[in-house]
Amino acid sequence: MPRGKLLWTPSPERVSASNLAAFGRVVSGRTGRPLDTYARLHAWSVEDPRAFWRSVLELTDPPRSGDPEPVLAGTGMPGARWFEGLRLNFAESLLRTSGPRPALIFESEDESLRRALSFDDLRASVRRARGSLLRMGIAPGDRVAAFTPNVPEAVIAMLAASSIGAIWSSCSPDFGLQGVLDRFGQIAPRVLFAADGYLYSGKRHALGERVREIVDRIPALERTVIYPYAGPASPAVRGGVSWDDFLAGGDPQAGTDAFERFPFNHPLYILYTSGTTGIPKCIVHGAGGTLLKHLEEHQLQADLKAEDVIFYFTTCGWMMWNWLVSGLASGATLVLYDGSPLHPDPGRLFRMIDRNAVTVFGTSPRFLGAVEASGISPREEHSLSSLKTILSTGSPLHPAQFEYVYRAIKADLALHSISGGTDIVGCFVCGSPYHPVRAGEIQCAALGMKVESLDEEGRPRVGEKGELACAAPFPSMPVGFWNDPDGSRYRAAYFERYPGKWHHGDWIEIHEDGAAVIHGRSDATLNPGGVRIGTAEIYRAVEALPEVREALAVGRPTPEGDEKVALFVVLAPGAVLDAALEKRIRDVIRAATSPRHVPSEIHEIAEVPRTISGKSVEIAAAKVLRGEEPGNREALANPGALDALRRFARARA
């Protein structure tokens, strides 16, 4: 595959001043090895993971006690165990900064709701919430859940719960009732935090009735803490208490910064698979592994410093919320946002950047595509002088979108396309301060991650598309799955396909210099004529056309037992799917990929079906087109989009 166009190169001054350069200088001095390039650093990090991860621990220096040795007990996957002699407290690590500087800045669609909490304010609020949970008898290992928009109360409650050693799990308010029950119903939380409502696209959405039904359907819940935000009134629910009364009822003797430290792998979070094909799996992540992975990614890959202001557009139902909140451990200020990123206009988040001097801005290809389609040029309407890095994830970032960022947003910044997953609450491949930016390419594998592209026989390949695997253990591998006592479901999910290696389920192509291209989910692979095709290659080509906003490619079986590619497109306003546009679509796909990628049929749809976290659901769409039931509708943000495909299939049957 041809290399992407070179769009930006970091200045020598920027490289030299980076956290990564400082890290490289220290470890070079310790090891006596020349670790002055990223390639050398990465090679050392995967050849000697014990030395690498101990260096990350020591140089990021989270509060801890105990002996860091052995760093790694065993090297098998699964089975590797990290820092078994260490003890830490996740909340203590995130609250180690004090003072009047903002820790959290909250922004909403309703700009009058903006507020800020200093690091001292945050620490005081967590102490009070911790005291209240302790008075209730919440203990290590208890589950604390939240049904909440991305507001400061969610961060405070999570830190309070984790300070006790309780396990945190959250869903965003756009989850339907069954989607919440499918998740929280499996883990039996004792406490639920919830807002009375949320904002989206200029509307206030009350949550009272849904909160009441959740409480009624989960018998384990003893207390529901409701904070006022966007609803008409706080609902009356079993065990309900207002946020203010909850904080006032705490044990003042328990509200202390002297947090108990737990084993490195003590459970911290329960996150969930998307659930589009059945009940979501409950992924248990450990406190130490999550913290260390995020410290590495934030400080070394994203070059996050204490003076930075970091934002990521996310809900509390997506792992990027957990990733964002860990920015507190680096002393950075976090900007939280609730609502549509495009309301009241596509410039909303760019105004937010200027108002809060955001330096690191996290978003998705979908948002960038919507801004481009709106016709605005943010660099002409906003200063954006503080902005130094844009991060993008959720789906592959197309080459044309890379070029749009540099053309219309800012010419001098680092654009990092990053890719990982809920499964590891972090990244496999990402950016670095050392690397130039090429259109369509992810710059590198993260340090400590031995990422490979494997063929059908499990052999590593360079320059060829293959299955994404990780060939060495890393700290943020899950502790396990909930309700999986023998670990069989966990092993089946990641280690059966390629024993001894983590199999992630993405198509990846790795270049000789370590840059990578993600070609989409391998479990959504198309197979026309027996040739395996990644859908991201099709999207990258067709979505570069101005007439096409989004696309969905699925395989449809033929009577001969083969498979044909069906392409569904969402058109830009004013565009018409006529014969001329169909020909252009086929021509651009053929030119950018191969004749095998060219769809046999092209149809217009109103919207692409997506999960609540914004990912397209190709497997569910293919099932609907075959006349099968797709699985769990509650996992979808727009289940009506699948209904439209079902009507389409029936009309053509």
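The values are calculated or read from the model by the stated rules, or taken from the named source; none is laboratory data. Fair warning: this is a prediction, and the values are worked out from it, not measured in the lab. So basically every Cβ, Gly included, is an ideal-geometry build from the backbone, and we count neighbours across all protein chains shown.
Scanning segment 289-312 turns up one or more residues that are farther than 19 Å from Thr97 by Cα, assigned to a loop (DSSP other than H, G, I, E, B), under 16 Å from the mean Cα position of the chain (by Cα) and touching a residue at least 40 places away in the same chain (Cβ under 8 Å). State yes or no: is Leu113 of a type in the set (A, V, I, L, M) and either farther than 28 Å from Gly176 by Cβ or at pLDDT 95 or above (or both)? When the stated conditions are applied, Leu113 does not pass them. Give just the number: which of (1) free of Cβ contacts under 8 Å to residues at least 24 places away in the same chain; (2) within 21 Å of Met320 (Cβ to Cβ) does Leu387 not satisfy? Checking Leu387 against (1) free of Cβ contacts under 8 Å to residues at least 24 places away in the same chain; (2) within 21 Å of Met320 (Cβ to Cβ), the one that fails is (1). Filtered by the rule that a residue be at pLDDT 90 or above, buried (at least 18 other Cβ atoms within 10 Å of the Cβ), assigned to a helix (DSSP H, G or I) and of a type in the set (Gly, Ala, Ser), segment 490-542 gives a lone residue, Ala493. Just checking, does segment 120-133 include any residue being surrounded by 17 or more Cβ atoms within 10 Å (Cβ to Cβ) and within 25 Å of the chain's Cα centre (by Cα)? Yes - at least one qualifying residue is present in segment 120-133. Scanning segment 63-90 for residues that are assigned to a loop (DSSP other than H, G, I, E, B) and at pLDDT 95 or above gives Pro63, Arg64, Asp67, Pro68, Glu69, Pro70, Val71, Phe83, Glu84, Gly85, Asn89.
Can you pull out the residues in segment 411-421 that are surrounded by fewer than 21 Cβ atoms within 10 Å (Cβ to Cβ) and part of a loop (DSSP other than H, G, I, E, B)? Outline the logic, then answer.
Our first condition is that a residue be surrounded by fewer than 21 Cβ atoms within 10 Å (Cβ to Cβ); within segment 411-421, this holds for 411-413, 421.
Those that are surrounded by fewer than 21 Cβ atoms within 10 Å (Cβ to Cβ) and part of a loop (DSSP other than H, G, I, E, B): Ala411, Asp412, Leu413.
Can you find a residue that is among the polar types (S, T, N, Q) and under 25 Å from Leu88 (Cβ atoms) anywhere in segment 105-127? Within segment 105-127, one or more residues are among the polar types (S, T, N, Q) and under 25 Å from Leu88 (Cβ atoms).
Pick out, from segment 104-201, the strands (runs of 3 or more DSSP E) lying fully within it that include 1 or more residues that are of a type in the set (Phe, Trp, Tyr) and in contact (Cβ under 8 Å) with a residue 60 or more places away in the chain.
Numbers: elements: 115-118, 143-147, 167-171, 191-195, 197-200.
Result: 143-147, 167-171, 197-200.
From the list Arg459, Arg438, Arg407, exactly one residue is within 23 Å of Ala39 (Cα to Cα), without any contact (Cβ under 8 Å) to a residue 60 or more places away in the chain and over 21 Å from the mean Cα position of the chain (by Cα). Which is it? Break it down stepwise before answering.
Numbers: Arg438 fails: without any contact (Cβ under 8 Å) to a residue 60 or more places away in the chain; Arg407 fails: within 23 Å of Ala39 (Cα to Cα).
When all the criteria are applied, what remains is Arg459.
Residues in segment 568-612 that are crowded, with 17+ Cβ neighbours inside 10 Å and not aliphatic (A, V, I, L, M): Phe568, Arg586, Thr593, His597, Pro599, Pro609, Arg610, Thr611. In this structure, does Gly208 turn out to be surrounded by fewer than 21 Cβ atoms within 10 Å (Cβ to Cβ) and in contact with a His (Cβ under 9 Å, 6 or more places away or on another chain)? So Gly208 fails the test. From the list Val358, Val325, the one residue that fits, being touching a residue at least 24 places away in the same chain (Cβ under 8 Å), part of a loop (DSSP other than H, G, I, E, B) and hydrophobic (A, V, I, L, M, F, W, C), is Val358. Does at least one position in segment 463-479 carry a residue that is of a type in the set (A, V, I, L, M), surrounded by fewer than 24 Cβ atoms within 10 Å (Cβ to Cβ) and more than 19 Å from the chain's Cα centre (by Cα)? Yes.
Would you point out the residue of segment 375-384, among those that are in a loop (DSSP other than H, G, I, E, B) and in contact (Cβ under 8 Å) with a residue 12 or more places away in the chain, that is farthest from Arg14 (Cα to Cα)? Per the stated criteria, the residue is Ile376. Exactly one residue among Arg586, Arg610, Arg596, Arg650 is over 27 Å from the mean Cα position of the chain (by Cα), within 30 Å of Asp182 (Cα to Cα) and not aliphatic (A, V, I, L, M), and that residue is Arg650.
Given Gly375, Gly369, which one is of a type in the set (Gly, Ala, Ser), within 22 Å of the chain's Cα centre (by Cα), at pLDDT below 95 and surrounded by fewer than 23 Cβ atoms within 10 Å (Cβ to Cβ)? Walk me through it before giving the result.
Values: Gly375 fails: within 22 Å of the chain's Cα centre (by Cα).
None of the others qualify; the one that does is Gly369.
Could you check segment 441-456 and list, in sequence order, the residues that are touching a residue at least 40 places away in the same chain (Cβ under 8 Å) and either among the aliphatic types (A, V, I, L, M) or in a loop (DSSP other than H, G, I, E, B) (or both)? Of everything in segment 441-456, those that are touching a residue at least 40 places away in the same chain (Cβ under 8 Å) and either among the aliphatic types (A, V, I, L, M) or in a loop (DSSP other than H, G, I, E, B) (or both) turn out to be Glu441, Ile442, Gln443, Ala445, Ala446, Leu447, Gly448, Met449, Lys450, Val451, Leu454. Failed condition for Ser93, given (1) more than 16 Å from Leu336 (Cβ to Cβ); (2) of a type in the set (Gly, Ala, Ser); (3) not in a helix (DSSP H, G or I), with all others met? Looking at each condition in turn, Ser93 falls short on (3).
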